[in-house]
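Each value in this text was obtained by applying a stated rule to the coordinates, not by laboratory testing. Model, not experiment: these values are computed from the prediction. Note that each Cβ is placed from the backbone with ideal geometry, even for glycine, and that neighbours are counted across all protein chains shown.
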Amino acid sequence: MVPYVPPSWAHALPAPSHRILLAAVPTPIHAWKLSGLPQGISLVIKRDDLTGSALTGNKVRKLEFILADALRRGATTLITCGGSQSNHARATAVAARELGMDTHMVLRSNVPELELTGNLFLDTLTRARVHLVGGRAPYVSAILPKMQEIEAKLKEEGKVPYVVPVGGSDPLIGIWGYLDAWEEMIKQGVLDKVDDIVLACGSGGTLAGLVIANYLTESKVRIHGFPVSDNAQYFFSHIDSTLQALRLPVKASEIVSFVDGYKGEGYAISKPEHLAFIAEVAGTTGIFLDPVYTGKACFGLVQELNSPPATRQLQLKGTRVMFLHTGGLIGLMDGTVQQTLVSPVVVVPTVVPAAVQT
Ligand SMILES: *Cc1c(COP(=O)(O)O)cnc(C)c1O
């Protein structure tokens, strides 16, 4: 744990006093030769999928601040929640183990017996305690009470529980993960080299941090969120309430744009074209997008760039675009994408040349 000194442009915000260095940063930014990009668009990718190995993705940056708060409060056990393949819950469980804490996670699932694949496999290896609720369990009436029940039980046992908010997104602590990432991007020259930043939004904390930092630094960059759950209206109000909590005199609609229509059937539900796109991108560029977040956002980006201006929602400020890769590789390996690959392995018979036969 180290004292945290916020960037000077963030002096008006209430900053956390400490952070724990968990992420491998700065993450690289490099050109990305994605096929299907129209002429004139240059695309780079910021690799926040490389913030670590098991402890990886965008959630690590938020956990640096949240878990510092937990440790300072003497927490012994973390409680969090998410979908059955939650990247956030997995990152929390891995970080907790590194720091000597236990994790209880309340996960939504449609099936009572889950296969231990992807994130759930790592959750199990870290010995996180998994509590399942129904796949459509509402947060307020089902998940929150379940977390409170676990919290009460842990207190009875003499433990010190700490609830980590959904997706690590809260307006006072988790938000610093991507406020601070903005300072990293400034040092990488993003403000001079990039006109537009595109990313997926799930719980909205990553986007909120970037958008508020963008506003506070009065940069010329425009940020575009692709909702993969809920919709633009929901995220405008999420960011508005964050702005209010931080007492910033601006409206979300003035500082961020959203592109709706690419979440498909719903959160964590993939269409065949999403999976085909992920396979195409991996097979041509070696970048692994995930089915829940980055795959849909990037699919949407390519679709938008190729739509006629009259129907295009994405209004770029310029031609130099940066896609923020927020992670998700472990979720990609949950078994569902494998099933869609028609012929995953091409067996090439090996012919050993006679000259080298022994
Ligand atoms: C959680 C997550 C997101 C969304 O980030 P939010 O801050 O919740 O909006 C995007 N990509 C990946 C891979 C994630 O795990």
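Given a cut-off of under 8 Å on Cα pairs at least six residues apart, what relative contact order in percent is computed for the chain?
Details: 637 pairs, mean separation 72.2, N = 358.
Normalised by residue count, the contact order of the chain is 20 percent.
For Gln339 and Ala152, compute 0.36 nm times the residue count separating them, minus their Cα-Cα distance, and round to one decimal in nm.
Numbers: separation 187, 0.36 × 187 = 67.32 nm, distance 4.13 nm.
Fully extending the segment from Gln339 to Ala152 adds 63.2 nm.
Using θ = phi - 60° and the Karplus relation 6.51 cos²θ - 1.76 cosθ + 1.60, list the HN-Hα couplings for region 86-102 in order, rounded to whole Hz, with x at every Gly or Pro.
Here the 3J(HN,Hα) series is 5, 5, 5, 5, 5, 4, 4, 5, 5, 5, 4, 4, 4, 9, x, 10, 9 Hz.
Semi-axes of the equivalent ellipsoid of the chain: what are they in whole Å, largest first, if each equals the square root of 5 times a C-alpha gyration tensor eigenvalue? Walk me through the numbers before you get to the answer.
Numbers: eigenvalues 199, 162, 82 Å².
Equivalent ellipsoid of the chain: 32, 28, 20 Å, largest first.
Per-residue HN-Hα couplings for region 41-54, Karplus 6.51 cos²θ - 1.76 cosθ + 1.60 at θ = phi - 60°, whole Hz, x for Gly and Pro?
Whole-Hz 3J(HN,Hα) from phi for region 41-54: 9, 10, 10, 10, 10, 9, 8, 6, 7, 10, 6, x, 9, 6.
For the pair Val111 and Ser17, what calculated FRET efficiency results from E = 1/(1 + (r/R0)^6), where r is the Cβ-Cβ distance and R0 = 51 Å, to the nearest 0.05? Don't jump to the answer; show the numbers that get you there.
Values: r = 43 Å, r/R0 = 0.84.
Result of the calculation: an efficiency of 0.75.
Whole-Hz Karplus ³J(HN,Hα) for region 160-170, in order, using 6.51 cos²θ - 1.76 cosθ + 1.60 and θ = phi - 60°, x for Gly and Pro?
Coupling constants for region 160-170: 10, x, 9, 8, 8, x, 3, x, x, 9, 9 Hz.
Sorting check: for 156-169, 139-152, which peptide has the highest mean count of neighbouring beta carbons within 10 Å, and how do the rest follow?
On the way: 156-169: 18.8, 139-152: 14.6.
Packing order, densest peptide first, comes out as 156-169, 139-152.
Sort Thr80, Thr56, Thr217 by Cβ crowding within 10 Å, fewest neighbours at the top. Walk me through the numbers on the way to the answer.
Values: Thr80 26, Thr56 22, Thr217 18.
Lowest to highest Cβ neighbour count: Thr217, Thr56, Thr80.
Excluding Thr117 itself, what net charge comes from residues whose Cβ is under 15 Å from its Cβ, given Lys and Arg +1 and Asp and Glu -1?
On the way: positive: Arg90; negative: Glu113, Glu115, Asp123, Asp290, Asp334.
Around Thr117, the charge tally is -4.
For Lys193, list the aspartates and glutamates whose Cα falls under 17 Å from its own Cα; do not include residues on the same chain fewer than 8 positions away.
Hits, sequence-local ones excluded: Glu183, Glu184, Glu218.
Would you grab the residues whose amide H sits under 5 Å from the one on Arg19? Only those 5+ places off in sequence or on another chain, please, with H modelled 1.01 Å from N.
Those lying under 5 Å, H to H, from Arg19 are Val2, Tyr4.
Are any of the pairs Lys62/Lys296; Lys146/Lys296; Lys187/Lys296 more than 26 Å apart by Cα-Cα distance, and if so, which?
On the way: Lys62/Lys296 22 Å; Lys146/Lys296 31 Å; Lys187/Lys296 29 Å.
Pairs exceeding the cut-off: Lys146/Lys296; Lys187/Lys296.
Sum -39500 (n - 2.57) across every DSSP H segment of at least 4 residues in the chain, then divide by the residue count to get the 222 nm mean residue ellipticity, nearest 500. Mind showing how you got there, number by number?
Values: 13 runs with 128 residues, N = 358.
Calculated at 222 nm, the ellipticity per residue is -10500 deg cm²/dmol.
Apply 1/(1 + (r/R0)^6) to the Cβ-Cβ distance of Ser8 and His30, taking R0 = 25 Å, and write down the FRET efficiency to the nearest 0.05. Provide the component values of the computation, followed by the final result.
Numbers: r = 28 Å, r/R0 = 1.13.
So the FRET efficiency works out to roughly 0.30.
Between Val250 and Asp195, what's the calculated FRET efficiency when r is the beta-carbon distance and R0 is 22 Å? Round to 0.05. Intermediate results must be reported in sequence, preceding the final value.
Working: r = 21 Å, r/R0 = 0.94.
It comes out at approximately 0.60.
P(r) of region 59-184 in 5 Å steps, Cα pairs, percent per bin?
2, 12, 22, 23, 21, 13, 5, 2, 0
Give the order of Trp9, Trp176, Trp182, Trp32 when sorted by the count of other beta carbons within 10 angstrom, beginning with the fewest.
Neighbour counts put them in this order, fewest first: Trp9, Trp32, Trp182, Trp176.
Tell me which residues come under 5 Å, amide H to amide H, from Thr103 once H is placed; ignore anything under 5 positions away on its chain.
Under 5 Å from the amide H of Thr103 lie the amide H atoms of Leu78, Arg129, each far enough along the sequence or on another chain.
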